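Presented below is the structure to which this report refers.
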Amino acid sequence: MRENPTKAEAILWNELKSRKLNEYKFRFQAPYDNFILDFLCSKYKLIIELDGKYHENFKMKDTERDNYFNSKGYRILRFKNDEVFNNIELVKKKIIKAIKQPHPNLPLSRGRKESPTR
């Protein structure tokens, strides 16, 4: 965990904190196993990761990490920092769309409704 968020993290966190985005609850720099997730919405099993220049050299590691979380039933959204800087509204729309879509790896019988509203 870092003491200070990156500029992109600070911008997105400002949009997500305190249930600002359609009342969805997100956590910032959420610990999970041996990982620190940029953003986590536990209720809808959604992880959001922001990728800056650092991630360009670690694509294989990111893929392995994504596969690990997918196997645990989580969906991962990755955004480049530039997406957050240049079109935060589109980023928010993609997050809402991901939450409302049924997770492809989870059966609906696990209590997940077809189109959750919150």
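Bear in mind that the values in this text are calculations on the coordinates, not laboratory data. None of these values were measured; they are calculated from a predicted model. FYI the Cβ positions are ideal-geometry reconstructions off the backbone, even for glycines, and counts take in every protein chain you see.
Tabulated results
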read-out: Number of positions in the stretch 83-97 that are in contact (Cβ under 8 Å) with a residue 12 or more places away in the chain, out of contact with any strand residue (DSSP E or B) (no Cβ under 8 Å at 6 or more places or on another chain) and farther than 11 Å from E9 by Cα; value: 3
read-out: In the stretch 66-107, residue farthest from P31 (Cα to Cα) [restricted to those that are charged (D, E, K, R) and over 13 Å from the mean Cα position of the chain (by Cα)]; value: E89
read-out: Residue tally, condition free of Cβ contacts under 8 Å to residues at least 24 places away in the same chain and in contact with a Lys or Arg (Cβ under 6 Å, 6 or more places away or on another chain), over the stretch 1-35; value: 2
